[in-house]
Every structure is written in structure tokens, then in C-alpha cells.
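Here the structure comes first, spelled out in C-alpha cells, and everything after it is commentary.
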Amino acid sequence: MGAPRTEKPKESTVRSQINHVSVNAQDLSESVDFYVDLLGAEPIATPNFGIPVQWMAVGGTQLHIFQADLTPTSHHHLGISVDDLEAVYRAADRRGAFEYKAFGNHLVELPGNMVQLYVRDPAGNLVEIDQKGVDRLPEDMRSQLRGLWDFNPQSDENMQGRLFEAV
């Protein structure tokens, strides 16, 4: 990792936002069912790409799931904000989908009172589910929560880092 950029970025007239994220599936219907169950994702009309693909609506963004025989990497992930982490947690628990290794625990508190739940989808893709508010968690979930600072030392500057809040 290099040093943080200190020069001011040049001004641009380009406005951008993420349109969609794509993940692979070993079994397309199994992965579609996973995202419907955990996130309430909604299958939507999908063009024919010549391979099995299903587009899903997740809030104002699309998730594209394509079937391919690929192995996901350990830390590459997609992050999704939700308004009810407990519901997602319960669905992930039923499916045995919790991920404990990638970032030290399946439930992690970040600076700024943000909670992250890490799960693996049926193809092994790492999915981070975010919610604002540790106090919104029921006690059984709070007892499993670990602060990022429990795994990695945080400077004052590190403690200023914040995820964008979407939901």
C-alpha cells in the first residue's frame, strides 16, 4: 500500500454511481434463492448472454448472478446496506452462511457505530451486510459482536473512517 494521496484531485464533470455488481454462482437457482431469502432481492427480466444469468433488484442497484465454474477469492466482496440486520442474520444463521475468518469474526463493529455481518453465498462469494446502530441489535447478536479494534490497532485517524450510509 502506498501513502495516501495528498494532492487535490482534478475537478471532473463526470457524475458516477455504481450501477450493478456481478457475482458468480455454481448453481444459479440456489444462489438466486439465497439472495431472495437474505435480502429480499427480486429477480427481474434478464437478457440472454448465452450463459445462465439472472439479474436481481436490490434496492436501487442491480445484482447480476452468472453461473460459472469459478472460485471466489478470500477478501473480495460486495457490501450491502440494510435497514434490518437481524432479519438477515436469522436467515444467514438458518443457512449456516456466517463467515468467521476473512475479517476476524462474522459480526464486526466499525468506527461510527456501524455493524457489519459477513456471510458466504452458496458459491463462496463474500458478502458484507451493513447496518447503522449497535444498539439496534438484540442481545444475542450484540454478545457476538467484536470491534475492528479488537483485531487491529486503530489510530485516531483510523477511527475517523466511515462507511457511506445508504438505507
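Each reported figure results from applying straightforward, stated rules to the coordinates on display, with no laboratory input. All of these numbers come straight from a predicted model, not from anything done at the bench. FYI the Cβ positions are ideal-geometry reconstructions off the backbone, even for glycines, and counts take in every protein chain you see.
Structure values in brief
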| quantity | calculated |
| --- | --- |
| Residue, surrounded by the most Cβ atoms within 10 Å (Cβ to Cβ), within segment 76-92, restricted to residues that are more than 11 Å from the chain's Cα centre (by Cα) and of a type outside the set (Asp, Glu) | 89 |
| Qualifying residue in segment 72-79 (condition: assigned to a strand (DSSP E or B), among the small types (Gly, Ala, Ser) and touching a residue at least 12 places away in the same chain (Cβ under 8 Å)) | yes |
| Residue that is surrounded by the most Cβ atoms within 10 Å (Cβ to Cβ), among those in segment 55-65 that are out of contact with any Pro (no Cβ under 7 Å at 6 or more places or on another chain) and hydrophobic (A, V, I, L, M, F, W, C) | 65 |
| Segment 50-71: number of residues that are within 17 Å of residue 26 (Cα to Cα), not polar (S, T, N, Q) and not in a strand (DSSP E or B) | 6 |
| Check on residue 119, touching a His at 6+ places or on another chain (Cβ under 9 Å) and surrounded by 12 or more Cβ atoms within 10 Å (Cβ to Cβ) | yes |
| Within segment 30-52, considering residues that are without any contact (Cβ under 8 Å) to a residue 24 or more places away in the chain and in contact with a Pro (Cβ under 9 Å, 6 or more places away or on another chain), the one nearest to residue 167 (Cα to Cα) | 36 |
| Unique match (being in contact (Cβ under 8 Å) with a residue 40 or more places away in the chain, more than 22 Å from residue 32 (Cα to Cα), loosely packed, with under 14 Cβ neighbours inside 10 Å and small (Gly, Ala, Ser)) among 133, 112 | 112 |
| Enumeration of residues in segment 10-54 that are within 17 Å of the chain's Cα centre (by Cα), of a type in the set (A, V, I, L, M) and surrounded by 12 or more Cβ atoms within 10 Å (Cβ to Cβ) | 21, 23, 25, 32, 36, 38, 39, 41 |
